[in-house]
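Okay, so here's the structure we're looking at.
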Amino acid sequence: MTHGRADVEALLDTWSLRPSRALGQNFVADANTVRRIVRLAGVGPADPVVEVGAGLGSLTLALVEAGAAVTAVEVDRHLIPVLRSELADRAVRIVEADALRLDWGALLAGDGGDPGNERRAGGSGGGGGRPWSLVANLPYNVATPLVVHVLEEAPQVESLLVMVQREVGERLAAGVGDTAYGAVSVKVAYWGRAAVVGRVPATVFVPRPRVESVLVRIERRPAPPVASSDGAVAYDQVFDLVRAGFAHRRKMLRRSLEGRAGPGAFDAAGIPPTARAEELALEEWIRLAAAVGGSA
C-alpha cells in the first residue's frame with residue numbers, strides 16, 4: 001500500500017523529522033499520483049528501476065506494487081532508517097548516496113560493486129541484462145544537473161520519468177520556437193526525446209511547494225546523432241558552441257560566437273550568421289560544430 005497524506009505526516013512525526021529545505025524535500029502524499037507516475041513510466045514486473053530521492057518511500061512502494069526491481073537512492077541519512085523500516089519486507093535495494101557523485105556504472109551493473117553506502121531491505125534490485133528506467137520525484141534544486149548527468153554517464157538507463165518544477169520540465173522538453181528552449185533543451189535532445197506528459201498539483205505534496213510540477217518522460221536515442229558518417233564532430237565541441245550561443249541569446253550568432261565560428265563556418269553549415277541561438281535545432285548546432293572543426 002502506498003502512502004497518503006496521513007501516512008506521510010505520521011511518519012514525519014514518529015521519526016521526529018522535518019522536510020529539509022536545503023535538500024529540496026517535498027514528499028508525495030497521494031497514492032493516485034505515484035501510481036500515475038508508475039503507469040506513465042511504463043514499468044512492469046521485474047523491470048529494473050532506479051529511483052533517485054526515495055524520501056519516505058511513497059513512490060518506491062508504488063514501483064514495488066507494479067512488480068519492479070527497485071534500487072532506491074537517497075542522500076539524506078536521516079531518511080534511510082525510515083526507508084528500511086517501510087520497505088523491510090520488500091525486494092528493494094537501498095543506497096545512501098548523492099546521485100550526482102555516485103558511480104553509476106557500479107550502481108547499475110548489479111555486480112556487487114560499492115556505488116555508495118548500500119543497504120538491502122528484503123532483497124535487491126538488479127538489471128539482469130535488461131534496460132533500466134529512472135523514475136523519480138526529483139528535488140527541484142538538482143533536477144537539471146541530475147537528468148543531464150544520467151544521460152551522459154548512465155547509458156544503461158534507457159528511459160526517464162521525472163517529476164520536476166514546471167519551468168524546469170518545460171526547459172527539458174522544449175524545442176525550437178518554444179519560449180523555454182535553451183542550452184539544456186539542446187543537450188537533452190542530443191541524448192533522447194523528451195515530452196511533458198502530465199501536470200501535478202502542489203496539493204499532493206508535504207510540505208506544499210510554491211511552484212507547480214510536471215512529469216517529463218525522456219526516451220534515450222539508440223545512438224546520439226552525428227554530423228557525418230564518420231562521426232567526426234565531438235560532443236564537447238558541439239556544446240561549447242551551444243553554451244556560448246545561449247549565453248547571449250538575444251545576439252546574432254555572428255556576435256555571440258565571435259572568435260569561435262567565422263563566416264566560412266556559417267556558410268559551410270548552411271546557417272545564416274544573423275540567426276539567434278534559439279532558432280537553431282540540434283542538427284544545425286551539430287553541422288555548425290562540424291564546420292568549425294573542419295575550418296580549424
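In region 8-31, of all residues being without any contact (Cβ under 8 Å) to a residue 60 or more places away in the chain and touching a helix residue (DSSP H, G or I) at 6+ places or on another chain (Cβ under 8 Å), the one that is surrounded by the most Cβ atoms within 10 Å (Cβ to Cβ) corresponds to Ala31.
At least 2 residues being out of contact with any Phe, Trp or Tyr (no Cβ under 9 Å at 6 or more places or on another chain) is the threshold, and among the helices (runs of 4 or more DSSP H) wholly inside region 146-258 those reaching it are 166-173, 183-191, 235-247. The residues on offer are Val176, Val147, Val168, Val184, and the sole one that is under 19 Å from Leu59 (Cα atoms) and either crowded, with 16+ Cβ neighbours inside 10 Å or over 13 Å from the mean Cα position of the chain (by Cα) (or both) is Val147. Of the residues making up region 81-103, those that are in contact with a helix residue (DSSP H, G or I) (Cβ under 7 Å, 6 or more places away or on another chain) and modelled with pLDDT under 95 number 1.
Would you check if Val64 is touching a Lys or Arg at 6+ places or on another chain (Cβ under 8 Å), assigned to a helix (DSSP H, G or I) and more than 23 Å from Ala194 (Cα to Cα)? Quick ask: steps written out before the conclusion?
Values: touching a Lys or Arg at 6+ places or on another chain (Cβ under 8 Å): yes; assigned to a helix (DSSP H, G or I): yes; more than 23 Å from Ala194 (Cα to Cα): yes.
Considered against the rule, which asks whether it is touching a Lys or Arg at 6+ places or on another chain (Cβ under 8 Å), assigned to a helix (DSSP H, G or I) and more than 23 Å from Ala194 (Cα to Cα), Val64 comes out as yes.
Kindly list, by first and then second residue, each pair from a residue in region 276-296 that is touching a residue at least 24 places away in the same chain (Cβ under 8 Å) to a residue that is of a type in the set (D, E, K, R), limited to pairs with Cβ atoms under 6 Å and residues at least 6 apart or on different chains. These pairs meet every condition: Ala277/Arg249; Glu278/Arg249.
Considering Ala195, Ala247, Ala281, Ala265, the condition of being surrounded by 19 or more Cβ atoms within 10 Å (Cβ to Cβ), of a type outside the set (Asp, Glu) and over 30 Å from Glu9 (Cβ atoms) is satisfied by Ala265 alone.
Checked against the criterion of being at pLDDT 95 or above and within 13 Å of Pro139 (Cα to Cα), the candidates Gly57, Gly53, Gly67, Gly42 yield just one match: Gly53.
Of all residues in region 252-296, exactly one satisfies the criterion of being on the phi > 0 side of the Ramachandran plot and modelled with pLDDT under 95, namely Gly259.
The values are calculated or read from the model by the stated rules, or taken from the named source; none is laboratory data. The structure displayed is predicted, hence computed values, not measured ones. Note that each Cβ is placed from the backbone with ideal geometry, even for glycine, and that neighbours are counted across all protein chains shown.
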